Amino acid sequence: MTEEHEPGSDLYALWHARHLAVEDDDRIIHLDADGTVHLDEEEWRIIGIYPDQAAAEEQREISRKLPGFRDEPDCFEIVPVTVDEDLWNEGFVTVYPEGRRRD
């Protein structure tokens, strides 16, 4: 980013989900019925942080053609990110799939 960004205003993060879980019938579910990215045993990659949504959308179109990303072209998310905002303030809990719990 070449120009100064105003503190407290949003930037836009472009993420990509690579789905790892395969259903019993060998299908991989990419999107839920409502069109959102299916969340079940996926790994996320951050593509970049952009000054506005249009720039993130432009990069999404470029990334959709690249190896790996083109295998799951609809599994991108663009989310606003506020500069100087703390996240995960209360920690986190890991919920393991049945039979995969770590002690």
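The values are calculated or read from the model by the stated rules, or taken from the named source; none is laboratory data. Everything quoted here is computed from the prediction, not taken from an experiment. Positions of Cβ are generated from backbone atoms using ideal geometry, with glycine treated the same way; all protein chains shown enter the neighbour counts.
Figures for the structure shown
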item	result
Complete set of residues in segment 50-97 that are over 15 Å from the mean Cα position of the chain (by Cα) and in a strand (DSSP E or B)	THR82
Selection count, segment 31-49, where residues are over 9 Å from the mean Cα position of the chain (by Cα), modelled with pLDDT under 85 and within 17 Å of SER63 (Cα to Cα)	0
ARG45 being part of a helix (DSSP H, G or I), closer than 28 Å to ALA33 by Cβ and in contact with a strand residue (DSSP E or B) (Cβ under 9 Å, 6 or more places away or on another chain)	no
